[in-house]
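The values are calculated or read from the model by the stated rules, or taken from the named source; none is laboratory data. Worth saying up front: this structure is predicted, and the values here are computed from it rather than measured. Here the Cβ is made from the backbone with ideal geometry for all residues, glycine too, and neighbour counts use every protein chain on show.
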Amino acid sequence: MYQTLISVEELMTLQRGNAPQMVFDCSFDLMKPEAGIEQYRAAHIPGAIYADLDSDLSAKHGVPGARGEVVVAQADEGPPASGGRHPLPSRERFAAWLSSIGFANDMQAVVYDRNGANYCGRLWWMLKWMGHDAVAVLDGGLQAWQAAGGTTSSGDEPARFQSNFVPGQPLVALVDTRTVAARLEKPDQTLIDARAAARYRGEVEPLDPIAGHIPGALNRPFTENLGPEGKFKPAAQLRAEFDALLAGRDPATVVHHCGSGVSAVPNVLAMQIAGLGPTALYAGSWSEWSNTPGLPTRQGADA
């Protein structure tokens, strides 16, 4: 069973065997949402299912508006499990989607994208959240697959028979705004912000109404987890870098966040690879925090 990363060679071996499995292409573009499916249809690992960040891995309702108001979810979906620009769907709705595409509890899931593990990490985390431990990120993504001579398919894959995926106890911790606010700048919570340094410092803010970061948060851009070939750095190197960032803080107190709870996940994964996990995710992230009246914000760099 693969639980964190899987190499191209390991995936090829897995596909030659008889073990139940499903590969997911999670490629996406925040500025051009339709680009992900277009890229998938142009080239994807044979048999891979496309998982869309907006429609499959996020709730359709419940996004906080400019004044913090929340749209009520449809009754058959249940309320979103988080706020922010990419609110998590309810566990029930996500289980229904997994069942609709034929994903079953006995399958090994392999997730990838073309975006430095930014978007496929979301599905990796969500499956852990559903109690499914057999999920791994393809190290290096589609680029590594193609560089190793892996073949690709185009167009859409045939529909699969529906399954009955049954959620289990979450294997990861989900933290909400109220909890983050209650523990703000206390020793039992260490916030790590995965956004680029300029957004963290509040020098630019292309998406949310307020620039800056949550007071006390450390900054670790998710891109720092990857080496020059687009693969995750060795475990020992990741551990040394996170140890330096934490500067003696307990890894068990870490809560990861970013803009909307997506690009924070590579940090969650990296700490697990480094042997410093499990750690928590604040899925609402800056987009929910900055839309919630009365919460403090900070610009510049925290000490």
Self-check item: Subset of the stretch 116-157 [under 22 Å from residue 12 (Cβ atoms) and of a type in the set (S, T, N, Q)]
Solution: 143, 146, 151, 152, 153, 154
Quiz prompt | Every residue from the stretch 160-216 that is of a type in the set (S, T, N, Q), closer than 30 Å to residue 101 by Cβ and surrounded by 16 or more Cβ atoms within 10 Å (Cβ to Cβ) | solution = 163
Self-check item: Residues within the stretch 23-50 that are farther than 18 Å from residue 145 by Cα and either touching a Ser or Thr at 6+ places or on another chain (Cβ under 6 Å) or outside any helix (DSSP H, G or I) (or both), tallied
Solution: 6
Quiz item: Does residue 211 fit the bill of being among the hydrophobic types (A, V, I, L, M, F, W, C), outside the structural domain of residue 133 (by TED's automatic domain parsing) and closer than 22 Å to residue 86 by Cα?
Solution: yes
Practice problem: Among what's in the stretch 1-42 and is surrounded by fewer than 14 Cβ atoms within 10 Å (Cβ to Cβ), in contact (Cβ under 8 Å) with a residue 24 or more places away in the chain and among the small types (Gly, Ala, Ser), pick the residue that is farthest from residue 102 (Cα to Cα). | Solution: 42
Quiz item: What are the pairs, 6+ residues apart or on separate chains, where a residue within the stretch 212-231 that is over 17 Å from residue 120 (Cα atoms) has its Cβ under 9 Å from a residue that is of a type in the set (Lys, Arg) and assigned to a loop (DSSP other than H, G, I, E, B)?
Solution: 213/195; 216/186; 218/249; 219/195; 227/233
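Before we move on, is residue 187 at pLDDT below 95, of a type outside the set (D, E, K, R), part of a loop (DSSP other than H, G, I, E, B) and out of contact with any helix residue (DSSP H, G or I) (no Cβ under 8 Å at 6 or more places or on another chain)? Reasoning before the result, please.
Working: at pLDDT below 95: yes; of a type outside the set (D, E, K, R): yes; part of a loop (DSSP other than H, G, I, E, B): yes; out of contact with any helix residue (DSSP H, G or I) (no Cβ under 8 Å at 6 or more places or on another chain): no.
No; evaluated as a whole, the condition is false for this residue.
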Exercise. Return yes when residue 204 is touching a helix residue (DSSP H, G or I) at 6+ places or on another chain (Cβ under 9 Å), farther than 18 Å from residue 173 by Cα and either assigned by TED's automatic domain parsing to the domain that holds residue 184 or in a loop (DSSP other than H, G, I, E, B) (or both) and no when it is not.
Key: yes
Practice problem: Could you name every one of the helices (runs of 4 or more DSSP H) located completely within the stretch 85-159 that has at least 1 residues being surrounded by fewer than 23 Cβ atoms within 10 Å (Cβ to Cβ) and of a type in the set (Asp, Glu)? | Solution: 91-100
